[in-house]
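Below: one structure, written as structure tokens.
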Amino acid sequence: MFRSGSQGKYDLLSPLTEYSAEFGIDATQVKQHGHPLLIWDGEQTLHTQNALLVGESACVVDPFTAEGIRPSMFSGVKAARAIDQALGGNAQALEDYTRVINEEWGGDMRWARRLAQAFYKAPKLAYRVGVKRPASTEKMVKLFCGDLSYADVAQRAIRRLSMGLISGT
């Protein structure tokens with residue numbers, strides 16, 4: 001379960017122990033380490049004097065899928081560009097990095113968060129319309145490839161829902 005800002009504790013050891021046992025591994029004999037996922041939770045300052053936060057340290061984890069590799073690469077490329085500009089004399093380059101990430105990443109993640117809230121609150125419906133339908137898999141691939149945004153997905157869902165309400169179905 002992915003909940004931004006949640007301070008609750010979840011028992012992850014029991015399912016891990018059961019799953020590991022299916023492969024003949026005794027998970028209780030292995031030293032356990034845990035770390036919370038730092039899911040994008042709104043705009044934030046990602047720079048300071050001579051430093052930038054990137055990847056999970058910048059909380060650029062997708063709130064819908066908890067995926068972090070693609071967003072880490074995105075923020076890393078943006079950070080490299082900002083560092084290059086700063087070394088080239090642009091005094092605003094690091095501040096611009098924060099703005100760019102908040103606008104380009106954060107804007108779409110607002111929609112991802114809204115979709116996640118709806119999706120995870122109604123798991124049966126979410127499974128039926130989001131997992132079982134082949135078109136949903138295609139949409140996720142397009143999201144991961146950057147060919148589609150969460151805003152596009154949300155707007156399409158809103159149109160479909162409103163058309164259903166208007167038509168009375």
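The values are calculated or read from the model by the stated rules, or taken from the named source; none is laboratory data. Everything quoted here is computed from the prediction, not taken from an experiment. Ideal geometry is used to build each Cβ from the backbone, glycine not excepted, and the neighbour counts take in all protein chains shown.
Worth pointing out:
- When residues in the range 107-122 are screened for being crowded, with 18+ Cβ neighbours inside 10 Å and either in contact (Cβ under 8 Å) with a residue 60 or more places away in the chain or under 13 Å from residue 53 (Cβ atoms) (or both), 4 of them pass.
- Close pairs from the range 72-87: first free of Cβ contacts under 8 Å to residues at least 60 places away in the same chain and over 19 Å from residue 146 (Cα atoms), partner among the hydroxyl-bearing types (Ser, Thr, Tyr) and in a helix (DSSP H, G or I), Cβ under 7 Å, at least 6 apart: 82/97
- Restricting the range 132-155 to residues that are hydrophobic (A, V, I, L, M, F, W, C) and within 22 Å of residue 69 (Cα to Cα), the residue that is surrounded by the fewest Cβ atoms within 10 Å (Cβ to Cβ): 145
- Count of residues meeting criterion [in contact with a helix residue (DSSP H, G or I) (Cβ under 8 Å, 6 or more places away or on another chain), modelled with pLDDT under 85, under 19 Å from residue 111 (Cα atoms) and surrounded by 10 or more Cβ atoms within 10 Å (Cβ to Cβ)] in the range 1-40: 4
- Count of the range 26-76 residues which are out of contact with any Asp or Glu (no Cβ under 9 Å at 6 or more places or on another chain) and on the phi > 0 side of the Ramachandran plot: 4
- Test for residue 66: is it part of a helix (DSSP H, G or I) and not aromatic (Phe, Trp, Tyr): no
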